[in-house]
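Everything on this sheet refers to the single structure shown next.
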Amino acid sequence: MALVHLAWSSAGVATLHKHAKDGPVNLLASYAIWDQFLTSKPGINIGNLQIDSGAFSVFRSGKVIDINKFIQVGKQNPTAEIFSLDEIGNWRKSQGNTLKIWASGVPAMPIYHAGEPASYLDWCVQHTPCNKIAVACTSKDKIEWLKQTFGYVWKKYGGIKIHGLAMASAKLLEAVPFDSVDASSWATAPGRFGQFCGFTGKQVHLKSKMRKGVDSDLFCEVVEHQKREKYSEFIWRVELARIRDPNYRIKT
């Protein structure tokens, strides 16, 4: 599948517990709130698990991620997909962090941000130990940037698995053949902005927000993202089948 991972959030815990019997949910858990995630983990039906450093959240708060502790979490969860620890605004430090994580034996995905040099994108593709990289972009022209980035990588290297950080919108999933993406809005947008995608398939603003402190059922948001996952897998099935072939190797 073109896996859509729902970012773990305290606002969505009640939903994940309530609907555990409705099937597994792919989750992304942030190291920045790892202890909270572990407390809620029992009772959640987790499909594929991804772990990111939480660098973006920590960057905005002024705190620092302890890379050695992050590495330990990666080692303790060998079946999870691990993202590298990126340094916002400094790709050279991101590269250094990635090399340290790899040297520890954790096959973390390197992360390429819009605006970083193409040579760093080349490095990520050529050296990733898991045949997969992650990309991030905050530009309003995100679709155009994704098409250019995917075009560059697939033309030069014959394709590679790519994760889109915070790129689970229907339009983005239809634009390029992601191997996986993640979304935090499924649990945060209803409470913060009164926005839901589960009723119409698109993000719409309803007249009232969820009340704080109330364990609202957000399963319609979960289902919508799972529908997007299946549709993306269908329209990109040829491209995804090729790069997921165990004998597939990128051109170098």
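The set of residues from the stretch 55-71 being assigned to a helix (DSSP H, G or I) and within 20 Å of the chain's Cα centre (by Cα) comprises 55, 56, 57, 58, 59, 60, 67, 70, 71. Within the stretch 230-248, the residues that satisfy the criterion of being in a loop (DSSP other than H, G, I, E, B) and open to solvent by 100 Å² or more (accessible area, probe 1.4 Å) are 246, 247. Restricting attention to the stretch 138-159, the residues that are more than 20 Å from residue 248 (Cβ to Cβ) and in a helix (DSSP H, G or I) add up to 7.
Scanning the stretch 27-35 for residues that are outside any loop (DSSP other than H, G, I, E, B), within 30 Å of residue 244 (Cβ to Cβ) and touching a residue at least 60 places away in the same chain (Cβ under 8 Å) turns up at least one hit. When we screen 202, 155, 251, 209 for residues that are at pLDDT 95 or above and open to solvent by 30 Å² or more (accessible area, probe 1.4 Å), the only hit is 155.
Looking only at residues of the stretch 119-143 that are β-branched (Val, Ile, Thr) and touching a strand residue (DSSP E or B) at 6+ places or on another chain (Cβ under 9 Å), we find that the one that is most open to solvent (accessible area, probe 1.4 Å) is 138.
Would you point out which residue out of 219, 178, 193 is of a type in the set (Phe, Trp, Tyr), under 21 Å from residue 28 (Cβ atoms) and under 17 Å from the mean Cα position of the chain (by Cα)?
178
With respect to (1) under 15 Å from the mean Cα position of the chain (by Cα); (2) among the small types (Gly, Ala, Ser); (3) open to solvent by 50 Å² or more (accessible area, probe 1.4 Å), the lone exception for residue 29 is condition (3).
Selection over the stretch 74-118 of residues that are small (Gly, Ala, Ser), open to solvent by less than 50 Å² (accessible area, probe 1.4 Å) and in a loop (DSSP other than H, G, I, E, B) gives a count of 5.
Return the residues of the stretch 1-26 that are in a loop (DSSP other than H, G, I, E, B) and not small (Gly, Ala, Ser); say none if nothing qualifies. Correct list: 1, 8, 19, 24.
The values are calculated or read from the model by the stated rules, or taken from the named source; none is laboratory data. None of these values were measured; they are calculated from a predicted model. Ideal geometry is used to build each Cβ from the backbone, glycine not excepted, and the neighbour counts take in all protein chains shown. Surface areas here come from the heavy atoms of the whole protein model, side chains and all, with no ligands, DNA or RNA. Shrake-Rupley method; radii C 1.70, N 1.55, O 1.52, S 1.80 Å.
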